[in-house]
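Have a look at the structure below before the remarks.
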Amino acid sequence: MKLYLVLAMRKPSFDDAVIAPHKAFLDVLSGKDQLHLTGGFSDGTGGAYVLKNVDTLDAAKAIVASDPLAIHGSSELTIHEWNTR
């Protein structure tokens, strides 16, 4: 199974108002069985989530582009195809 690690690092201009829409976005992914793991960093600098059941890196990028964190420019999002052992 391919996994895609999405790192979401908060920008200095981060707005807490984007947190609820971001969580709703993650809930939709979970409902589609596309979310493997998610969580925030304890230091408050951001978080990460892992996509599953996504065929390609380009498809993962398209999903991440619809994340409210990306839409509102609140976080720097990077996507990596993750080879776990």
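Within region 45-85, the set of residues being in a loop (DSSP other than H, G, I, E, B) and not polar (S, T, N, Q) comprises Val54, Asp55, Asp67, His72, Gly73, Arg85. A count restricted to region 28-85 and to residues that are charged (D, E, K, R), open to solvent by 40 Å² or more (accessible area, probe 1.4 Å) and over 20 Å from Met9 (Cβ atoms) stands at 5. Inside region 42-85, residues that are without any contact (Cβ under 8 Å) to a residue 24 or more places away in the chain and of a type in the set (D, E, K, R) make up a count of 4. Every residue in region 1-27 that is hydrophobic (A, V, I, L, M, F, W, C), in a strand (DSSP E or B) and open to solvent by less than 40 Å² (accessible area, probe 1.4 Å), please. Leu3, Leu5, Val6, Ala8, listed by residue number.
The values are calculated or read from the model by the stated rules, or taken from the named source; none is laboratory data. Because the structure is a prediction, the values reported are computed rather than measured. Positions of Cβ are generated from backbone atoms using ideal geometry, with glycine treated the same way; all protein chains shown enter the neighbour counts. The area values use the complete protein model at the heavy-atom level, side chains included, leaving out ligands, DNA and RNA. Shrake-Rupley method; radii C 1.70, N 1.55, O 1.52, S 1.80 Å.
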